[in-house]
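The values are calculated or read from the model by the stated rules, or taken from the named source; none is laboratory data. The structure displayed is predicted, hence computed values, not measured ones. So basically every Cβ, Gly included, is an ideal-geometry build from the backbone, and we count neighbours across all protein chains shown. Note: accessible area is taken over every heavy atom of the protein model, side chains too, but ligands, DNA and RNA are not part of it. Shrake-Rupley method; radii C 1.70, N 1.55, O 1.52, S 1.80 Å.
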Amino acid sequence: MNDQALIDKANESLKDKVLAITNPAPRRIFLKVAVENLLEAVNWLKKDLGFTHLSTISGVDLGQSFEILYHFANNYCSFTIRTEIPRDNPQLPSICELIPGAILYERELQDMFGITIQNIPDPRPLLLPDDWPVGNYPLRKDWKYERPPEVIPGGKK
Amino acid sequence: MRFQIPIGPQHPALKEPIGLRITVEGEIIRDADIRLGYNHRGIEKLAEQKTWIQNIYLTERICGICSHSHTTCYVQGVEKLMELQPPKRGLYIRTLVAELERVHSHLLWLGVAGHEAGFDSFFMYTWRDREIVMDILERISGNRVHYGINTIGGVRRDLDELQVKYILDSLEILRKRSEYYKNLGTTEPSFVARLAGVGYLSKEDAIALCAVGPTLRASGVPMDVRKDDPYAVYDEVPFEVCTADTCDVLGRAVVRIKELFQSYNIIEYLLKNLPAGEIAVKAPRRAKPNEVVSRYEAPRGENIHYIKSNGTDKPERLKVRAPTLANYAATIKMLKNGFIADVPLIFAAIDPCICCAERAVAIVDARTGQEKVVPMNILKQISQKISANKERKREAEWPL
Amino acid sequence: MLTKLTRWSRLKSPWILHLNTGACNACDIEVVAALTPRFDVERFGILLKATPRHADVIICTGPATRQMKDRLIRIYEQTPEPKFVIAVGACAMSGCVYRGAYNVIGGIDQVIPVDVYIPGCPVRPDAVIDGVVKLLNKL
Ligand code: SF4
């Protein structure tokens, strides 16, 4: 297996569903697909290429949209599938059907970015601490935290 | 009859705050929920407000036991972003500290496992031996736990002849003491019997639930980032990936003991072949807009950082996934249909590092969503099957 | 007579509860390392206890996180009088590197009163012993 062979395979099987594919460093491949084709791409990666290990899912706030990256790994390289979803309608299909271990990361996304995951097996809302105010998603760029003033026990000397 | 037992956040069996909510029928665990958030600090958000250099020290403090793994993972990524090539000697020293850290972490884990299995003198033995490693690390870096040895472009402290000799001497003592752990199975059959058959995780489940590290390797999957995706100087160093196929806590202990010896060999190789030269190159203050995925094999498994830069001296996004988080889904699987008395043991077996897992996650409720509701009689059958299995496992052999 | 006896036993053998309120684990392993053969605090009669109801001294590591705050107060209230709190590590004193993170309140002293502060990141086991001895001298 080498990087070029993987890229060729991706172009061959997914054809025009591939929006972009890059190989910035050896053993690192980034494939971009549209949200509608996400499940198909993950399925292809798992079934045809044998990438069964999902390392993690990261989210990035790009301003107008969120970028979601699925980092897969096998014993040769790290393969990342990325997709973009609009900020005003953040909806993402769940990949737990294919990769059961993804549940933790999807819940993390829900929590940190306020993205709705469709068909997530355990849809109970996630919160930060018990008293966390609703509608605050800490990893969004426009969310700022104001530190409340500290008290010095015994007063300032 | 079903009962819910809350365990934690402060509980004698758990060293770190975590909430477990366990549903039991009789002695058998039907369902388990993990409730995190007690240790969540919000490091990923904080990292966006700090500079590249400041973030080294922040990532170091994600976790105290695998502090070097987080900094190395981060620093490797940033070096790629800044297009730096750290000098060979620097990489050797970095790898050396990484392996020393693996030794201290595995010794620590063995002690905790012994403690949870009711074998407290073993706990004291391993922790005594761990002090030797701590002394070495203190000699190299000046601190016992947070070494602060990584910097962007290399390492901060060099090794001299005396230190090399000291480490080699200490290594001899460690090797000798570790022989005892290797022969543990033959001298302590009750310890082996306690671990065997507990926390079963089949190979298929381990793969499907994306387990990592010794948990995965104990289920017979030879996956190790050091071999698969070599970073630093692991492509030059000879070593083997250790696996076990018993799929239980015993297997996890065996994998870790084997890895101890591998680490001793690696350390010896590194010291004997230490190249001369510089230890670091100068790093620029800014990084061009780019992104990088950095992987690292921490003592507990695969550690992955995703770093995105935007041209300033601060990262645009730093995503950290620590190995413990990846193992939670598998832990829930292991707990199910086990016995209450095994909870601390199973939980300790993944070597949980809660502070790692919680740098950004809030509540993680790990339910695979595949479990069906099982009627009572079937449950009984299952439990009988389990106890039948147990009987056989009682005669478990120590595989070393 | 009885008070004398309890005072004497408290001085000779303080029982300790170790509580992690969001620390990075380094301080915790150093506290545990203080129990193991190299440092061995048990020779001073210091015992690690599992529940707050048995403890005289609470050793807190780590900054107080928002989720932990209520639990911290509850554990403090469960500890019988007289009780003492030791803040171990830079985090427990002020928040250390996590100062300014959204889920961190700050030092332990923002939530419960603290008697002794032990600086260090992480503290050394000898510093933990020293801190406990200082506390005993204060009694
Ligand atoms: S003081 Fe330092 S070592 Fe201790 S918990 Fe805080 S960050 Fe970790």
Worksheet item: Do we find a residue being under 19 Å from the mean Cα position of the chain (by Cα) and more than 14 Å from every other protein chain (Cβ to nearest Cβ) anywhere in region B:156-171?
Response: no
Fill in: Check on C:GLY100, more than 9 Å from every other protein chain (Cβ to nearest Cβ) and at positive phi
no
Worksheet item: Quick one: how many residues across region A:12-34 are open to solvent by 70 Å² or more (accessible area, probe 1.4 Å) and either assigned to a helix (DSSP H, G or I) or touching a residue at least 60 places away in the same chain (Cβ under 8 Å) (or both)?
Response: 3
Item to complete: Could you list all residues from region A:35-61 that are farther than 17 Å from A:ASP8 by Cα and assigned to a loop (DSSP other than H, G, I, E, B)?
Response: A:THR52
Item to complete: Would you please list the contacts, defined by Cβ atoms under 6 Å and residues six or more apart or on different chains, that run from a residue in region C:109-131 that is without any contact (Cβ under 8 Å) to a residue 24 or more places away in the chain to a residue that is within 14 Å of the ligand (Cβ to nearest atom)?
Response: C:ALA127/C:ILE118; C:ALA127/C:GLY120
Item to complete: Pick out, from region B:43-82, the helices (runs of 4 or more DSSP H) lying fully within it that include 1 or more residues that are open to solvent by 10 Å² or more (accessible area, probe 1.4 Å) and more than 11 Å from chain C (Cβ to nearest Cβ).
Response: B:52-60, B:67-82
Worksheet, complete the sentence: Sole miss for A:SER55 among (1) within 14 Å of another protein chain (Cβ to nearest Cβ); (2) more than 21 Å from the chain's Cα centre (by Cα) is condition (2)
Worksheet item: How many residues, within region C:92-106, are under 16 Å from C:LYS69 (Cβ atoms), near the ligand (Cβ under 9 Å from one of its atoms) and not hydroxyl-bearing (Ser, Thr, Tyr)?
Response: 2
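Test C:LYS69 against the criterion of being over 27 Å from B:ILE43 (Cβ atoms), facing another protein chain (nearest Cβ under 10 Å), open to solvent by 30 Å² or more (accessible area, probe 1.4 Å) and touching a residue at least 24 places away in the same chain (Cβ under 8 Å), and give yes or no.
no
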Practice prompt. Go through the residues of region B:272-288 one by one and say whether even a single one is buried (at least 19 other Cβ atoms within 10 Å of the Cβ), within 14 Å of another protein chain (Cβ to nearest Cβ) and not hydroxyl-bearing (Ser, Thr, Tyr).
Written response: yes
Practice prompt. Identify all residues within region B:121-147 that are farther than 21 Å from B:PHE261 by Cα and at the interface with another protein chain (Cβ under 9 Å from one of its Cβ atoms); write none if there are none.
Written response: B:ASN143, B:ARG144, B:VAL145, B:HIS146
Worksheet, complete the sentence: Considering residues that are of a type in the set (Val, Ile, Thr), within 23 Å of B:SER170 (Cβ to Cβ) and within 14 Å of chain A (Cβ to nearest Cβ), the number found within region B:224-271 is 0
Worksheet entry | Leading residue by the ranking (nearest to the ligand (Cβ to nearest atom)) among those in region B:142-174 that are out of contact with any strand residue (DSSP E or B) (no Cβ under 9 Å at 6 or more places or on another chain) and of a type in the set (Ser, Thr, Tyr) | B:TYR147
Practice prompt. Output the residue which, of all residues in region C:118-139 that are in contact with an Asp or Glu (Cβ under 8 Å, 6 or more places away or on another chain) and open to solvent by 50 Å² or more (accessible area, probe 1.4 Å), is farthest from the other protein chains (Cβ to nearest Cβ).
Written response: C:LYS138
Item to complete: Please specify each residue of region B:286-335 satisfying the condition of being assigned to a helix (DSSP H, G or I) and of a type in the set (S, T, N, Q).
Response: B:THR324, B:ASN327, B:THR331
Worksheet item: Within the set of pairs 6 or more residues apart or between chains, which connect a residue that is away from chain B (no Cβ under 14 Å) inside region C:76-92 to a residue that is within 16 Å of the ligand (Cβ to nearest atom) and open to solvent by 50 Å² or more (accessible area, probe 1.4 Å) with Cβ atoms less than 9 Å apart?
Response: C:ILE86/C:TYR117; C:ALA87/C:MET93; C:ALA87/C:TYR117
Worksheet item: Since C:VAL123 meets every condition but one in (1) at pLDDT 85 or above; (2) within 12 Å of the ligand (Cβ to nearest atom); (3) assigned to a helix (DSSP H, G or I), which condition does it not meet?
Response: (3)
Fill in: Selected residue (only one of C:ARG71, C:ARG66, C:ARG53 is farther than 24 Å from C:GLY107 by Cβ and either at pLDDT 85 or above or away from the ligand (no atom under 16 Å from the Cβ) (or both))
C:ARG53
Item to complete: Go through region C:84-101 and count every residue that is part of a loop (DSSP other than H, G, I, E, B) and buried (at least 21 other Cβ atoms within 10 Å of the Cβ).
Response: 2
Practice prompt. May I ask you to verify whether B:ARG177 is touching an Asp or Glu at 6+ places or on another chain (Cβ under 6 Å) and more than 16 Å from the ligand (Cβ to nearest atom)?
Written response: yes
Response to the item:
Residue count, region C:14-50, condition facing chain B (nearest Cβ under 9 Å), away from the ligand (no atom under 16 Å from the Cβ), part of a strand (DSSP E or B) and without any contact (Cβ under 8 Å) to a residue 60 or more places away in the chain, comes to 1
Worksheet item: Restricting attention to region C:74-84, does a residue exist that is under 16 Å from C:PRO119 (Cα atoms) and not aromatic (Phe, Trp, Tyr)?
Response: no
Worksheet item: Can B:VAL255 be described as in contact with a Cys (Cβ under 7 Å, 6 or more places away or on another chain) and not in a loop (DSSP other than H, G, I, E, B)?
Response: yes
